[in-house]
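The values are calculated or read from the model by the stated rules, or taken from the named source; none is laboratory data. These numbers come from a predicted model, not from an experiment. Note that each Cβ is placed from the backbone with ideal geometry, even for glycine, and that neighbours are counted across all protein chains shown.
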């Protein structure tokens, strides 16, 4: 396989297959929709993302309460945004200030690896999407 192709009679260098696999893996796994934060790929930390990562259990409890106490998490989905708003509204000034400091810190220094690990574990458990495992 050649390392280049001709585009408009000019050679364009192709990535070697290993780099292409790595690039594809990061494209598939570094997206914010999965909850995985990798410094250098998606550093945009917001107040909401910090609250969501730190208050995840409380938000789930509130969504369950709003759904009538059912155990099926799929039935919580229509209530999840309301639950997040309720939990954020119940934050004290001290908690709010603490989360704002974390936003500034995470944007400056990157998201701590233990928080990234929690997010990966949660999204891995909850995801049904197949993953590329041979990289």
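So which residues in the range 44-67 are under 19 Å from residue 106 (Cβ atoms) and loosely packed, with under 11 Cβ neighbours inside 10 Å, if there are any at all? Within the range 44-67, just 44 meets the criteria.
Listed here are the residues, each with its yes/no results for (1) closer than 20 Å to residue 44 by Cα; (2) surrounded by fewer than 15 Cβ atoms within 10 Å (Cβ to Cβ).
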{"residue": "69", "(1), (2)": "no, yes"}
{"residue": "73", "(1), (2)": "no, yes"}
{"residue": "77", "(1), (2)": "no, yes"}
{"residue": "84", "(1), (2)": "yes, no"}
{"residue": "100", "(1), (2)": "yes, yes"}
{"residue": "107", "(1), (2)": "yes, yes"}
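Which helices (runs of 4 or more DSSP H) does the range 35-135 wholly contain that include 3 or more residues that are at pLDDT below 80, out of contact with any helix residue (DSSP H, G or I) (no Cβ under 6 Å at 6 or more places or on another chain) and under 30 Å from residue 18 (Cβ atoms)?
113-126
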